[in-house]
Every structure is written in C-alpha cells, then in structure tokens.
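Asks: A single structure is presented below for examination.
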Amino acid sequence: MKRGLGVLVAALAASSISAQTIRPVANAAVVTARVRSELPAGTEELSGTALRGTGAVAFGRFHLLASYLQGSVQPDGGAGQSRDLAEGTVLLGAVPFKWLTLETGPYARAYSTPGATTQRWVFWELRARAAGAFIGSAVHGYAELWRALTADVNVPEPFDHAEGGEAGMIVRLARSPLEGRLAYRIDHVVLGGGSRTETVDGVIIGIGVAWR
Amino acid sequence: MKRHVAWLCALACAAGAAPSRGQAQTADTLFATGVHAYKNLEFDLAASLLRRDLARRNVAAVPVAERARGLAYLGAAEWFRGRRDSAVVVFRRLVMLDPRYRPDRLIFPPEVTSAFDAVRLQTKTALIVLPGDTAVVLGTTLYRFWIVVSSFQQIDVSLRYEDGAPFRPLYVGPVGDSLDMSWDGLDAAGGPPAVSRMVLRVLSRAPTGELASIVQVPLAVTLVPADTLPWPPGPAASDLLPERADGAAAKRALLGGLLVSSAVLVLPAVVGESDTPSEPRVAVAGTIGLATALGFILHRPGRPLPDNVRANQAQRDAWQQRIASVTAENARRRRDVRLTVRGGEPTTIQPRGP
C-alpha cells in the first residue's frame with residue numbers, strides 16, 4: 001500500500017516538474033450556515049451567516065489550500081444563546097486526473113458559547129472532488145465528498161464517523177481571473193453510535209480570483 | 001619529259017592504291033598528287049588531277065574547306081595554263097562555295113590572288129551561318145544568325161513558306177562584309193508560325209539590281225507550349241472547422257447541469273443526513289438548472305460559430321489568393337511559348353551560268 005502510494009506521488013511529482021508555474025488562488029464567500037444538533041435530550045437548530053476566505057497555491061499537479069470561516073449562528077425561533085462558529089482547514093491536494101482532485105489534511109471546527117465550554121472538533125479528512133466544464137469553458141460544475149479518517153472531539157460522546165460534501169458550479173469570466181461560485185455544502189458528524197449527530201449545511205455564494 | 005614522268009607517277013600512284021583503302025584515301029592521293037604537280041609547275045597535270053579530285057569530292061560531300069583548297073589550286077593551275085576564263089569560272093565556284101575564303105598569299109602568287117579578288121568582287125553571293133538547334137521565347141528572345149557576303153552587295157533576307165510564299169521579311173539593304181541577323185519567332189502579323197517548315201532565303205543582287213544568287217536554308221520550327229501549373233487544391237473538408245454547432249456542447253451542458261443539480265439535491269442523503277430542509281438545496285439546484293438552460297440555448301445545435309466561420313474564410317481566402325497567383329503565372333507561361341528552330345543544309349541557286 002505504502003509502495004503504491006509512493007509510486008503515485010512520484011509519478012505526480014515527475015509530471016508536475018514540467019509545469020513549474022505557481023498559480024495562486026484566492027476567494028471569499030458568504031456562507032449561510034445552519035447547524036442542527038440532535039441530542040438524546042432534544043434537537044437544537046441554529047442558523048446564521050458566516051464569511052469564508054480561501055487561499056491556495058498550486059504547483060504543477062499539487063496544491064496547498066487553507067481556508068478560514070467565521071460567523072455566528074442563532075437559535076431558530078429566537079430562544080437560547082447564539083454561538084460563534086469558526087472553521088479552519090489546511091489541505092494538501094494532488095490532481096491525478098484533470099477532472100479529479102484528492103486532498104487530505106486537518107479540519108477544525110469550534111463552537112463557542114458565552115459562559116460555556118468551547119466545543120472543538122478536529123478531523124483528519126480525505127477529500128475527493130470531481131470537476132469539469134459543462135457549459136462551454138465558462139461554467140464548471142463540481143461535486144466533493146470527504147470523510148474523516150480520525151477525529152479529536154471534546155464532547156462526552158465518543159466519535160463515530162463524519163462525512164460531508166459540497167456541490168455547485170463556478171462561473172469563470174473569459175480572459176479574466178475573476179470567478180463566481182454557487183454551491184451547497186453539508187457536514188454530518190455522528191457520535192456515540194448515533195445518539196448524537198451534528199449537521200452543518202448551507203449555501204456558499206462567493207467570488208474569487210484565480211490565476212490560471 | 002617531265003610531264004610524262006609526272007603522268008607515269010600519277011598513274012602508278014593511282015594503280016598502286018589498293019581498293020580496300022577506300023574512296024577518301026583515293027581522293028586524298030589525287031589531291032596530293034595534283035598539288036605536287038602544281039608545285040612542280042606541271043599545271044596541265046595538276047589541273048587534270050585536281051578536277052578529278054573535285055569531281056570525287058563533290059560526290060563525297062567532303063567539308064567545304066577541303067573543297068575550297070582544291071578549287072584554289074585548280075584555279076591557280078588554270079591561271080598558269082593561260083586559261084584565264086577557266087580560272088575565273090573556278091574562282092567563281094570557289095566564291096560561291098565559301099564567300100569567306102581567301103587564298104593563302106604565302107602559297108599563291110599575287111597574280112593569282114589578285115585574279116581571285118577580282119572575281120570575288122564581281123561575284124555576289126552570301127553564306128548563311130546558323131546556330132545549332134535553338135529554342136527562343138516567342139517575341140522575347142531572338143533566333144540569331146550570321147550572313148557573310150563575298151563582296152559589297154544588296155541583299156534581301158526573308159523567311160518563306162516551303163512553297164516560296166513570303167512568311168516574313170527580315171532585311172533589305174546593303175552589306176559590305178557580314179551582317180548579324182535575328183528573328184523573334186513571329187510571323188509578319190506578329191503571331192506564332194502556323195507551319196513547321198519554312199525557308200530562310202538570302203537574295204544577292206548585283207549593283208545593277210540583277211539577281212546574282214539565291215542562298216536558302218530550310219528551317220524546321222516547333223512550337224513548344226510551356227507547362228502550366230496545376231490548380232491548387234481547395235481546403236480539404238478535414239481542414240475546415242464546423243461552422244455550425246453540433247449537439248455535443250448542448251448535450252454536455254444539459255447532462256452536466258442535470259448531474260450537478262442532482263448532486264446538490266442528493267448530497268445530504270449521500271452523507272447520511274435526511275432531515276435537512278430542502279430549500280437551500282433546491283435554490284442552488286434551481287440556479288444551476290437555470291444556468292443549464294441558458295447554456296443549452298447558447299450552445300443549441302445548429303447555431304453559427306463565428307470563430308470557425310472566420311477561420312474557414314481565412315483558409316478560403318488564402319486558397320483564392322493561391323488560385324489568383326497560379327492564374328497569373330499560367331498566363332505568363334502561356335505567353336512564353338517557346339519555338340525550337342533547327343537549320344538544314346544550305347543550297348545555292350545561281351540564276352546566271354558562270
């Protein structure tokens with residue numbers, strides 16, 4: 001297994017040497033976040049808006065991506081305290097095929113409620129994203145799935161599994177580095193054998209700059 | 001006595017010549033014996049031998065230079081025999097044979113050369129010197145030849161059909177020694193010759209205007225049209241881009257949009273969550289669906305592709321330019337029709353007897 005992975009990385013590295021152009025990517029997005037926590041004691045739903053910034057540097061078939069999201073979500077119906085939501089991601093990616101991207105790295109999420117303990121979720125993820133242009137060369141569609149390989153969560157329930165995904169489209173203006181993004185994302189975490197689930201989903205509307 | 005000895009020597013030489021040595025060797029022997037007799041002042045014997053030699057040489061069609069030498073010795077021999085009229089006739093034959101010939105003044109005494117010069121001045125004839133097989137471009141390059149005359153005279157140079165009808169006059173006027181002539185390959189009307197055989201004729205006239213001699217050479221002419229370039233082939237169908245969209249882009253937009261919209265809609269189920277509200281997903285999927293519909297309309301089958309139309313038009317324009325250049329080149333080549341000219345053996349006609 002390790003040998004196969006080494007061969008794949010070596011092949012990708014060799015092919016990327018021929019294209020040693022560093023291509024930076026940056027975008028900002030407004031994310032409508034909706035948090036749904038299902039506990040044995042009941043279900044809590046919160047929603048709000050967050051801002052997400054993403055930066056990436058691509059080098060050949062590899063890239064390094066970092067993103068940060070911050071916002072606050074309020075309980076639906078107005079009762080209860082709001083939470084501050086923060087997410088951070090650092091992912092190392094590779095493009096084995098033009099339409100497929102594989103990424104791995106840590107993903108951290110924090111819920112902080114005034115006067116309460118901040119919940120911290122740290123996952124090591126493996127992501128796979130398929131993308132391709134479907135309206136000329138201007139509109140690209142993509143679908144992404146991820147799964148947590150390991151997790152470190154400071155909640156009483158033991159971690160079970162976590163999965164998530166994102167799908168949407170990116171509109172790239174001709175002869176311009178500007179791009180716009182519209183997507184739907186969802187993260188679903190299961191703890192305690194299903195006794196507790198945490199789901200975060202929302203719509204991403206963003207603009208970005210990508211030097212290709 | 002000497003004359004008899006010379007005769008005996010000549011007979012012995014003639015009898016001793018083996019038949020197998022051939023006609024040329026016999027003629028050479030006659031000529032050498034005749035010259036030897038001339039140098040020994042045996043002019044009668046020399047004249048007899050040289051006449052026989054010349055008779056053989058005329059039949060054998062030997063080179064003009066050798067025949068001219070024989071005539072010179074014969075004329076000198078006749079002169080010293082006291083037969084001035086015969087000498088004049090021989091010298092006239094010599095001038096008619098080769099107007100350029102001049103007796104060697106180291107061999108022949110002044111009275112002979114003076115007599116020859118007098119005959120030459122009175123004899124009006126010409127020699128046509130043609131180049132080898134020559135190709136000329138009609139109306140552009142020239143077929144050049146040289147006319148050498150025996151003495152100052154009026155000449156009339158013309159090209160004629162085989163039946164003697166005039167084809168094209170080239171020159172009428174005086175000539176002192178020689179004249180460079182040329183022909184552009186065209187007939188009197190400026191067109192290419194319609195026949196393959198014609199005659200180049202030079203008429204020599206005496207100072208009184210009487211016709212003195214006619215020299216003519218048959219010419220074989222062949223029109224050789226230049227090869228024209230083939231038309232350049234038009235752009236191959238495989239080189240042209242489609243000028244109208246096929247259904248592939250529209251189909252891709254439709255299928256891609258459906259796929260992405262479906263992915264948005266089923267994403268919660270894929271990750272194991274089924275209780276999420278559907279509004280955000282439907283909003284995103286609907287927007288993608290609108291974009292898909294717009295993309296389908298923009299890439300509908302049969303719509304014109306302006307970039308491809310321009311690229312194809314550029315190819316067609318380049319082809320039209322190649323056609324135009326080939327047309328111009330072929331027109332130029334058609335004008336450059338070549339004419340090959342091959343000269344034959346000259347013949348001389350004397351209206352008056354010597």
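The values are calculated or read from the model by the stated rules, or taken from the named source; none is laboratory data. Predicted model only: the values in this text are computed from it and were never measured. Every residue, glycine among them, receives a Cβ derived from its backbone with ideal geometry; neighbour counts consider all protein chains shown.
Asks: Report every pair of residues separated by at least 6 positions or lying on different chains whose Cβ atoms are under 7 Å apart, first residue within segment A:95-112 and surrounded by 14 or more Cβ atoms within 10 Å (Cβ to Cβ), second polar (S, T, N, Q).
Replies: Filtered contacts from segment A:95-112: A:Val95/A:Thr101; A:Gly105/A:Thr89; A:Tyr107/A:Thr89; A:Ala110/A:Thr118; A:Ala110/A:Gln119; A:Tyr111/A:Thr118; A:Tyr111/A:Gln119; A:Ser112/A:Thr118.
Asks: For segment B:299-313, does any single residue satisfy the condition of being assigned to a helix (DSSP H, G or I), over 60 Å from the mean Cα position of the chain (by Cα) and within 12 Å of chain A (Cβ to nearest Cβ)?
Replies: No, segment B:299-313 contains no residue that is assigned to a helix (DSSP H, G or I), over 60 Å from the mean Cα position of the chain (by Cα) and within 12 Å of chain A (Cβ to nearest Cβ).
Asks: Which one is modelled with the lowest pLDDT among residues in segment A:163-193 that are assigned to a loop (DSSP other than H, G, I, E, B) and either more than 13 Å from chain B (Cβ to nearest Cβ) or surrounded by 16 or more Cβ atoms within 10 Å (Cβ to Cβ) (or both)?
Replies: A:Arg175
Asks: Shifting gears a bit: Scan segment A:23-76 for residues that are of a type in the set (Lys, Arg) and without any contact (Cβ under 8 Å) to a residue 60 or more places away in the chain and jot them down.
Replies: Hit for segment A:23-76 is A:Arg61, nothing else.
Asks: Would it be correct to say that A:Val209 is outside any strand (DSSP E or B) and modelled with pLDDT under 90?
Replies: No; evaluated as a whole, the condition is false for this residue.
Asks: Moving on. What single numbered condition from (1) more than 9 Å from chain A (Cβ to nearest Cβ); (2) without any contact (Cβ under 8 Å) to a residue 12 or more places away in the chain; (3) outside any loop (DSSP other than H, G, I, E, B) fails to hold for B:Ala263?
Replies: (1)
Asks: Let me ask something else about it. Return the residues of segment A:66-94 that are of a type in the set (Val, Ile, Thr) and surrounded by fewer than 16 Cβ atoms within 10 Å (Cβ to Cβ); say none if nothing qualifies.
Replies: Residue satisfying the conditions is A:Val90 alone.
Asks: Of the numbered conditions (1) within 9 Å of chain A (Cβ to nearest Cβ); (2) out of contact with any Ser or Thr (no Cβ under 6 Å at 6 or more places or on another chain); (3) buried (at least 16 other Cβ atoms within 10 Å of the Cβ), B:Ala285 satisfies every one except a single condition; which is it?
Replies: With (1) within 9 Å of chain A (Cβ to nearest Cβ); (2) out of contact with any Ser or Thr (no Cβ under 6 Å at 6 or more places or on another chain); (3) buried (at least 16 other Cβ atoms within 10 Å of the Cβ) applied to B:Ala285, the lone miss is (2).
Asks: Which residues, taken from segment A:109-162, are within 14 Å of chain B (Cβ to nearest Cβ) and outside any strand (DSSP E or B)?
Replies: A:Gly136, A:Ser137, A:Ala138, listed by residue number.
Rundown of residues vs (1) crowded, with 19+ Cβ neighbours inside 10 Å; (2) touching a Gly at 6+ places or on another chain (Cβ under 8 Å); (3) of a type outside the set (Ser, Thr, Tyr); (4) assigned by TED's automatic domain parsing to the domain that holds B:Ala77, yes/no style:
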| position | (1), (2), (3), (4) |
| --- | --- |
| B:Ile107 | no, no, yes, yes |
| B:Val112 | yes, yes, yes, yes |
| B:Val157 | yes, no, yes, no |
| B:Val175 | yes, no, yes, no |
| B:Asp180 | no, no, yes, no |
| B:Gly185 | yes, yes, yes, no |
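Asks: Also, quick follow-up: Can you find a residue that is more than 21 Å from A:Arg127 (Cα to Cα), out of contact with any Ser or Thr (no Cβ under 7 Å at 6 or more places or on another chain) and not in a strand (DSSP E or B) anywhere in segment A:31-42?
Replies: There is at least one residue in segment A:31-42 that is more than 21 Å from A:Arg127 (Cα to Cα), out of contact with any Ser or Thr (no Cβ under 7 Å at 6 or more places or on another chain) and not in a strand (DSSP E or B).
Asks: Now for a different question. Any idea which of (1) farther than 18 Å from B:Tyr143 by Cα; (2) surrounded by fewer than 17 Cβ atoms within 10 Å (Cβ to Cβ) is the one B:Arg205 doesn't satisfy?
Replies: Looking at each condition in turn, B:Arg205 falls short on (2).
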